[in-house]
């Protein structure tokens, strides 16, 4: 019986992408619960324990996903394009960097049995070497995912089919993880990749801003089938609010990332300079 319910829940039922009390995506709730339980179990098994800052970052990322996928933003997205864009920005630009800054993989690995931990650790090691050294690929995939699934026809397909809708959300989150990981991966940054990371953050700010501006200034509806119920706005006003949300708050996130990377780069340069000066002074003595 449970298998049958699961199968029915995964069917691409039309017009149920954001239906109220929709049971077709109950697997999202279970995935979120399992992810939190696995992390907390790993925390209990870890020595030393993660710092309160890292724990807070992970819980913030998890909470943002709950709000976006099963909380108020999910319900808002069902009746407003502005809500839909807010949901996308959380999946693309808020939850991924928070989760990565928490560095939760040691805890997740500690929650696994020994054989699974060894196998996954080996796989993650290979993925780390590839992902950290291919930031341009991450930037391209991330950008294509954003632009393609915000074209009118693909967007309408996402609205009409639950399974595709959930798959695109997974794509947004995973491409976001890859993109943000390529920016903040400790090993790559240690190899002097700050300049490229800053450029990619700024370019992402620019192209997502262009998409937001397109939604804001479009004289006609780009997604005419999407309902609009935000604050009593009509469909075009709701589309304009959606564009502004992607353009301004979304752009600020990428701009803040570029500024943070610039600050770390300057600190690294200053630290290296002081170290060299200290060695030079010691050599003269």
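Every number here is computed from the coordinates shown, using simple stated rules; none is lab data. These figures come from a predicted structure and were not determined experimentally. Cβ placement follows ideal geometry from the backbone for every residue including glycine, while neighbour counts extend to all protein chains displayed.
Within the range 203-224, what residues put their amide N at less than 11 Å from the label point 7 Å along the Cα-to-Cβ vector of residue 148?
Of the residues in the range 203-224, none has backbone N under 11 Å from the label point off residue 148.
Rounded to whole Å and sorted largest first, list the principal axis extents of the Cα atoms in the range 72-167.
Sorted largest first, the three principal extents are 46, 31, 24 Å.
Applying a 10 Å radius around every beta-carbon, put 134-146, 256-268, 113-125 in order of their mean neighbour count, most first. The partial results should precede the final answer.
Details: 134-146: 17.8, 256-268: 15.3, 113-125: 10.8.
Order by mean packing, descending: 134-146, 256-268, 113-125.
Which order, highest average first, do 29-35, 104-110, 94-100, 220-226 follow once you tally other Cβ atoms within 10 Å for each residue and take the mean per peptide?
Details: 29-35: 12.9, 104-110: 18.1, 94-100: 22.9, 220-226: 15.4.
The peptides rank, most packed first, as 94-100, 104-110, 220-226, 29-35.
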